[in-house]
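The values are calculated or read from the model by the stated rules, or taken from the named source; none is laboratory data. This is a predicted model, so every value here is computed, not measured. Here the Cβ is made from the backbone with ideal geometry for all residues, glycine too, and neighbour counts use every protein chain on show.
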């Protein structure tokens, strides 16, 4: 199986089954935004792009003495960065069994494994990891589930271990609830995910409540669909390929332009955020 098959299978796994009479247009209209972009050829699907991912990995400082866990490795982009650091061990916790099977074809070295499990109750022993990270997953969870996943990260990490997240943050910190609900509603409508981003202080307070001490906070503009970010993330020639794919799929093009319109509308109210916290 090839990477495109993983994209297709994970897209199916993360949405409700479509009715038998569903047309291609209906499927595109209900496709989650990140999988739609993946089908167009985009590999970097993190809010702050490759730049913020690399900053996060730099702060985690993974080394050959580390046992590393990643929640929801997705297409394995960040896993590749991790494995280049040659950690003592790597474990990816993936919810979808078929996706995990495909990832195992790419991540199959000594002490490298993909296990089936939910990040809120991972099948891993307590205090067995030095570094644990996840990207672009907590934003899509209800607040109580965010807390559960952070608690699970705390359980799995050894004392002093580092936990890294890469998500969407709302700005400013004192944004009224009405403004938060408006942005959440717009995101849900356009990217077809029940996104619930928090403010920077809300993210840090939630981590602290889970037993972590925040070490580093990094931000980047939410420019996922801007030309400069696309080139930086994907490279010039892949950018051209993605552009060609979008232009030759009119229905996908309309969806993606609508997503970019929402991102631009709330450019001053959203940012990508990466946080590294230490288990007390």
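Observations on the structure shown:
- Criterion applied to 160, 151 was being in a helix (DSSP H, G or I) and at pLDDT 95 or above, and the one residue passing it is 151.
- Yes/no for residue 73 being in the same structural domain as residue 196 (by TED's automatic domain parsing), in contact with a strand residue (DSSP E or B) (Cβ under 7 Å, 6 or more places away or on another chain) and over 20 Å from residue 212 (Cβ atoms): no
- Flag if residue 267 is modelled with pLDDT of 90 or more and in a loop (DSSP other than H, G, I, E, B): yes
- Unique residue being surrounded by 14 or more Cβ atoms within 10 Å (Cβ to Cβ) and at positive phi when the list is 119, 136: 136
- Per this entry, residue 164 is not counted among residues that are touching a strand residue (DSSP E or B) at 6+ places or on another chain (Cβ under 9 Å), farther than 18 Å from residue 48 by Cβ, touching a residue at least 60 places away in the same chain (Cβ under 8 Å) and in the same structural domain as residue 133 (by TED's automatic domain parsing).
- Residue that is out of contact with any strand residue (DSSP E or B) (no Cβ under 9 Å at 6 or more places or on another chain) and buried (at least 16 other Cβ atoms within 10 Å of the Cβ), where the choices are 271, 226: 226
- Residue count for the range 25-59, restricted to those that are part of a helix (DSSP H, G or I), modelled with pLDDT of 85 or more and buried (at least 21 other Cβ atoms within 10 Å of the Cβ): 7
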